[in-house]
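A.B. asks: The structure follows.
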Amino acid sequence: MEVPSIKIDEVSGLPDKAKEYLRSSGIEELYPPQVEAVEKGLLEGENMVLAVPTAAGKTLVALMAMLKKTLSGEGKALYLVPLRALASEKYEEFSGLEKLGLKVAVSTGDYDSSDPWLSRYDVIVATNEKADSLLRHRAEWLEEVAVAVTDEVHLIGDASRGPTLEVVLARLRQVNPKAQLIALSATIRNAADIAEWLGAKLVTSSWRPVPLKMGVYHAGRLFFNDGSVVEAPIPKGVDPVVGLATDVVVKGGQALVFNNTRQSSLTYADRVKSHVAKTLSQEDRSTLNELAGQVLSEGEVNRVSQRLAECIRAGVAFHHAGLAPSHRKIVEKAFRSCVLKVVCATPTLAAGVNLPARRVVLQDYRRYDPGLGYGPIPTLEFHQMAGRAGRPQFDEYGEAILVAKSQGELEALFENYVLAPPERIWSKLASEPALRSHVLAFIASSPIVAEQDLASFIQNTFYAYQYGPNTAYPAVKRVLAFLEREGFIASTPTGLVATMLGQRVSQLYIDPLSAVVLREGLAGKPATSPLGYLHLLCSTPDIPKVYLRRGDRKRLEPLLKRHASEMLLPIPDPLEDAYGYEDYLASLKTSLILHDWVEEKPEDSIIEERSVGPGDIYSLSQTARWLAYSAKELCRVLGLQNHLQPLHNLELRLKIGCREELLPLTMLEGIGRVRARLLYNAGYRSPQDLAKASITELTRIPTIGVETAKSILKQLGMLSEKERLP
Ligand code: ADP
């Protein structure tokens, strides 16, 4: 159905200031899905689900409702995203609203706070996890939310992140039933179910500002879904993926290659490199050299950053979760500004930041899944990747291409991906780890909860909508028994009550089972070494363990023997409990990465010896830091004083990645573990020592420039003393 467009000035219900703001951002008239949303009551406060393709303007729909509510003084706007990187992206996008006098904030970190400062803001961007933790801390300002937007709502079907999103939506509706809900989704088959669940109007559309052609490459030809067949000769001996990426660069476009593993994203970036390098102008080269320099100057130089810099010099980059977050950002920005020509990425990119390209090439439609083996990816995932094709101001159309090795495969790929509709999504709430945490949170959020209230809360979830109102209850019953047995909740004649321990575990935002493991390891035990504590943290389900590989057992066993007396959990007998023993060793292997980190091993040796990426070290150490903090907080509740100081020190060391002696120096801004070590070795052991130094003396230390030296002295209140200046 053709939907006539509407000029932004003619949108009724939108405040004039909002119209002016949108016009000044280049929005003259609404795109068809936006018209439909307005016509279905977006600005009259209707709940709304939008299932439309990427780049079809979903954010603007949300923004119009947010502007309406905030500018007319009805309340705040809360914008929820699944990832921190997306939160920063949206925050930047919305920061222009300050011009309208609206205060914009982003909140992603620290799960143990109700962040009362947020009550001063009008537009708040948060991750789903942060929103969940704010609900647990009963942040009062949540009641002032007049419109809540959830981005990427189809992630409800994701086993690890879906349950939190689902619970946040259900809880928000309960805490604040008057708030307008806007859910933005990729095109999924059962968007109508989500709409019905949320009592929302549904807007579905396949309209895109840049048309998308999906197709399959086979034997020198591209077969597209519109029936067209295009010759695409690829030189002999050149991998078709490389040829397809290079071809679009030669024609002035950019390509995004999706690889199925981190390793293959590196391999393909290397393969494409020499082809793309030939197409670069002198100007391109000098910009790229500068960019490579930027990569090398961000954080510690290691083999990954060196390899990335080398690819970047040739106009190509790889992108995966193992990269340092700062490097990921550099790559994304440079691709968006067309400086980089090809990015080879793992599918995490498709679910993350917005990074369109003229051509998207899927290197392999199969992926290895632990437990399931090597199998084809879901159609929805292909559509997510394909949705990245076509850049609004740059391309006439976008292309998403799969590669077939035979005629049979060509037909299968057409049938299963190009022409197939994406799958339905299904709630994953009934998994026990998810229920453990969310049921406890529900009980802890009120002084007392009648079991009937818990039942009706569960009945309001998407899970109950899909599977029937009582299907989840047997699992809930098992979880209640576990929570009571472990002392997180107590049954009273009038209802369920969270104990002090239960309250704290819910607020700390850790899996209740992690709290059980921590308590088992800490109660009644003497303080131990950092390795002993790290092993305990890595034995909780909140830390993803690294897998054991062949040969690991042989290396780990002697180490375990040497450190057996430092361990806080009993070592399982390998003959009686083979799985438990393997698991114990896997926790040890994981804790060794963290041990290297807090012992100041250079990133590069950790990467080499432990086979991890810089981004893994970062995310693992941040999770472990949170668990060390949580363990400390649990010790307070449980009265285990002897562990408080060691856990506190470990928490700080995990944050910085250093030995204890450097901690005083790292309290200064701009002083990380590398600079702190250089200062320490030069004789500056404390901030007091630094306060006695002059700028000239400080700049003698490698990596300390005049600016850093000044900043150090300024922080110590010493800069005003003229004689310290060179
Ligand atoms: P989505 O969230 O659906 O992926 P976005 O809302 O990010 O898409 O929109 C993609 C791009 O299109 C953005 O740069 C946005 O500013 C632009 N855009 C959205 N709506 C309009 C419109 N009506 N007119 C012009 N540009 C628009």
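The values are calculated or read from the model by the stated rules, or taken from the named source; none is laboratory data. Bear in mind that the values here come from a model prediction, so they are computed numbers and not experimental data. A quick note on method: Cβ atoms are made from the backbone with ideal geometry, for glycine too, and the neighbour counts reach across all protein chains shown. These accessible areas exclude ligands, DNA and RNA; they are computed on the full protein's heavy atoms, side chains included. Shrake-Rupley method; radii C 1.70, N 1.55, O 1.52, S 1.80 Å.
A.B. asks: Along the range 416-426, what does the Karplus equation 6.51 cos²θ - 1.76 cosθ + 1.60 (θ = phi - 60°) give for ³J(HN,Hα), rounded to whole Hz, x for Gly and Pro?
C.D. replies: Result, ordered by residue: 8, 10, 4, 9, 7, x, x, 5, 6, 9, 10 Hz.
A.B. asks: Could you tally the net charge around Thr590, taking each other residue with its Cβ under 10 Å from the Cβ of Thr590, Lys/Arg +1 and Asp/Glu -1?
C.D. replies: On the way: positive: Lys545, Lys589, Arg610; negative: none.
Within the 10 Å Cβ shell, the charges total +3.
A.B. asks: Let me ask something additional. Ignoring everything except DSSP H segments at least 4 long, calculate the 222 nm mean residue ellipticity for the chain; use -39,500 (n - 2.57) per segment, divide by total residues, nearest 500.
C.D. replies: Numbers: 31 runs with 335 residues, N = 726.
So the calculated ellipticity at 222 nm is -14000 deg cm²/dmol.
A.B. asks: For the range 493-542, what D do you get in µm² per second when you plug the Kirkwood radius from alpha-carbon pairs into Stokes-Einstein at 20 °C and 1.002 mPa s?
C.D. replies: Values: Rh = 12.3 Å.
After rounding, the answer is 175 µm²/s.
A.B. asks: So which aspartates and glutamates can Lys525 reach, going by Cα to Cα under 17 Å and dropping same-chain residues fewer than 8 places off?
C.D. replies: Glu566, Glu633
A.B. asks: Just tell me which aspartates and glutamates come within less than 14 Å, Cα to Cα, of Lys329; anything on the same chain fewer than 8 places away is out.
C.D. replies: Within the straight-line limit of under 14 Å, Lys329 reaches these aspartates and glutamates: Glu89, Glu92, Glu298.
A.B. asks: Of the chymotrypsin sites (Phe, Trp or Tyr not before Pro) in the range 454-513, which ones lie in a loop per DSSP and count no more than 12 other C-beta atoms within 10 Å? Mind showing how you got there, number by number?
C.D. replies: Working: sites: Phe457, Phe462, Tyr463, Tyr465, Tyr467, Phe482, Phe488, Tyr509; in loops: Phe488, Tyr509.
Filter output for the range 454-513: empty list.
A.B. asks: Answer rounded, prolate or oblate for the range 220-284, using the Cα gyration tensor with square roots of eigenvalues a ≥ b ≥ c: rounded when a/c is under 1.5, else prolate when a/b is larger than b/c, else oblate.
C.D. replies: Values: a/c = 1.82, a/b = 1.26, b/c = 1.44.
Here the range 220-284 falls in the oblate category.
A.B. asks: Round to a whole number: what % of the accessible area of the chain belongs to carbon and sulfur, probe 1.4 Å?
C.D. replies: Working: 16280 of 31250 Å².
That fraction is 52 percent.
A.B. asks: Please state the relative contact order of the chain as a whole percent: Cα pairs under 8 Å, 6+ residues apart?
C.D. replies: Reported relative contact order: 10 percent.
A.B. asks: Please list 272-280, 236-244 highest first by mean number of surrounding beta-carbon atoms within 10 Å per residue. Before the final figure, lay out each step's value.
C.D. replies: Numbers: 272-280: 18.4, 236-244: 16.9.
Listed from highest to lowest mean packing, they are 272-280, 236-244.
A.B. asks: How large is the charge dipole for the chain, taken about the Cα centre, if only the Cβ atoms of Lys, Arg (+1) and Asp, Glu (-1) carry charge, to the nearest 20 debye? Mind showing how you got there, number by number?
C.D. replies: Working: 84 positive and 87 negative charges, 280 e Å.
Its charge dipole is roughly 1340 debye.
A.B. asks: Say each of Glu557 and Trp207 gets a label point 7 Å from the Cα, pointing the same way as Cα to Cβ; how far apart are those two points in nm?
C.D. replies: Calculated label separation equals 6.7 nm.
A.B. asks: Okay, next question. Under 5 Å between amide H atoms, partner at least 5 residues away or on a different chain: which partners does Val203 have, H built in plane at 1.01 Å?
C.D. replies: Residues meeting the amide H criterion: Val49, Leu50, Ala51.
A.B. asks: If you don't mind, there's one more thing I want to ask. So for the range 560-611, considering every pair of alpha-carbon atoms, how many percent are separated by more than 12 Å? If you can, show how the numbers build up before the last one.
C.D. replies: Numbers: 912 of 1326 pairs.
Within the range 560-611, distances greater than 12 Å cover 69 percent of Cα pairs.
A.B. asks: Also: Within the range 531-567, which trypsin sites (Lys or Arg not before Pro) sit in a loop by DSSP and count at most 12 neighbouring Cβ atoms inside 10 Å? List each step's numbers first, then the result.
C.D. replies: On the way: sites: Lys545, Arg549, Arg550, Arg553, Lys554, Arg555, Lys561, Arg562; in loops: Lys545, Arg549, Arg550.
Hits after loop and neighbour filter: Arg549, Arg550.
A.B. asks: Taking the Cα atoms of the range 115-243, what is the range of coordinates along each of the three principal axes, in descending order and whole Å?
C.D. replies: On the principal axes, the range 115-243 reaches 65, 31, 28 Å in Cα extent.
A.B. asks: Near Lys692, which aspartates and glutamates are there with a Cα under 16 Å away, not counting those fewer than 8 places off in the same chain?
C.D. replies: Within the straight-line cut-off, Lys692 pairs with Glu721, Glu723.
A.B. asks: Let me ask something else. Could you work out how much longer the chain between Arg636 and Tyr374 gets when fully extended? Use 0.36 nm per residue separation minus the Cα distance between them, nm to one decimal. Don't jump to the answer; show the numbers that get you there.
C.D. replies: Values: separation 262, 0.36 × 262 = 94.32 nm, distance 4.64 nm.
Taking Arg636 through Tyr374 to full extension adds about 89.7 nm, to one decimal.
A.B. asks: Another one. Sort 595-604, 365-374 by the packing proxy (mean of other Cβ within 10 Å over each peptide's residues), most packed first.
C.D. replies: Working: 595-604: 18.7, 365-374: 10.8.
Highest-to-lowest ranking by the protection proxy: 595-604, 365-374.
A.B. asks: Further question on the same structure: Could you tell me what a quarter of the Cα convex hull surface of the range 588-710 works out to, in nm² with one decimal place?
C.D. replies: Numbers: hull surface 34.8 nm².
Seen from a random direction, the Cα hull of the range 588-710 projects 8.7 nm² on average.
A.B. asks: Shifting gears a bit: Looking at this model, which pairs from Lys69/Lys103; Lys17/Lys201; Lys40/Lys68 are more than 19 angstrom apart at the alpha-carbon? Intermediate results must be reported in sequence, preceding the final value.
C.D. replies: Numbers: Lys69/Lys103 14 Å; Lys17/Lys201 26 Å; Lys40/Lys68 15 Å.
Where the Cα-Cα span goes over 19 Å, the pairs concerned are Lys17/Lys201.
A.B. asks: Do the alpha carbons of any pairs in Lys58/Lys273; Lys341/Lys601; Lys19/Lys130; Lys333/Lys710; Lys236/Lys405; Lys632/Lys710 sit beyond 25 Å of each other, and which pairs? Each step should come with its number before you reach the end.
C.D. replies: Working: Lys58/Lys273 35 Å; Lys341/Lys601 35 Å; Lys19/Lys130 31 Å; Lys333/Lys710 30 Å; Lys236/Lys405 15 Å; Lys632/Lys710 36 Å.
Over 25 Å Cα-Cα: Lys58/Lys273; Lys341/Lys601; Lys19/Lys130; Lys333/Lys710; Lys632/Lys710.
A.B. asks: Additional query: Sort 605-615, 513-523 by packing, meaning the average of other beta carbons within 10 Å per residue, with the highest value first.
C.D. replies: Numbers: 605-615: 17.5, 513-523: 21.2.
The packing order, highest mean first, is 513-523, 605-615.
A.B. asks: Taking amide H positions as placed 1.01 Å from N in the peptide plane, with prolines and chain starts having none, which residues 5 or more places from Val360, or on another chain, fall under 5 Å of its amide H?
C.D. replies: Leu256, Glu399, Ala400, Ile401
A.B. asks: Okay, moving on. Taking amide H atoms as placed 1.01 Å from N in the peptide plane, list the residues 5 or more away in sequence, or in a different chain, whose amide H sits under 5 Å from that of Glu486.
C.D. replies: none
A.B. asks: What are the ³J(HN,Hα) couplings of the range 450-464, residue after residue, when phi is run through the Karplus curve with 6.51, -1.76, 1.60 and θ = phi - 60°? Round to Hz, x for glycine and proline.
C.D. replies: 6, 4, 4, 5, 5, 4, 6, 5, 4, 5, 8, 7, 5, 4, 5
A.B. asks: Another one. Can you give the accessible area per residue of the chain, in Å², using a 1.4 Å probe?
C.D. replies: Values: 31250 Å² over 726 residues.
Here the residues of the chain average 43 Å² of exposed surface.
A.B. asks: Let me ask you something else. Roughly how many nanometres apart are two label points built 7 Å out from the Cα toward the Cβ at Arg303 and Ala455?
C.D. replies: 5.9 nm
A.B. asks: Please give the length that would be gained between Glu28 and Glu661 if that part of the chain were fully extended, namely 0.36 nm times their separation in residues minus their C-alpha to C-alpha distance (nm, one decimal). Walk me through the intermediate numbers first.
C.D. replies: Numbers: separation 633, 0.36 × 633 = 227.88 nm, distance 5.96 nm.
Going from the current span to full extension adds 221.9 nm.
A.B. asks: Would you work out if the range 35-189 is rounded, prolate or oblate? Take a ≥ b ≥ c from the square roots of the eigenvalues of the alpha-carbon gyration tensor; rounded if a/c is under 1.5, else prolate when a/b is larger than b/c, oblate otherwise. Could you put the intermediate results ahead of the total?
C.D. replies: Working: a/c = 1.39, a/b = 1.08, b/c = 1.29.
Note, shape of the range 35-189 comes out rounded.
A.B. asks: To one decimal place, what Kirkwood hydrodynamic radius in Å is obtained for the range 1-102 from all pairs of distinct Cα atoms?
C.D. replies: Numbers: mean 1/r = 0.0701 Å⁻¹.
Roughly 14.3 Å, rounded to one decimal.
A.B. asks: Enter the mean projected area of the convex hull around the alpha-carbon atoms of the chain, in nm², rounded to one decimal.
C.D. replies: Working: hull surface 142.6 nm².
Dividing the Cα hull surface by four gives the mean projection, 35.6 nm².
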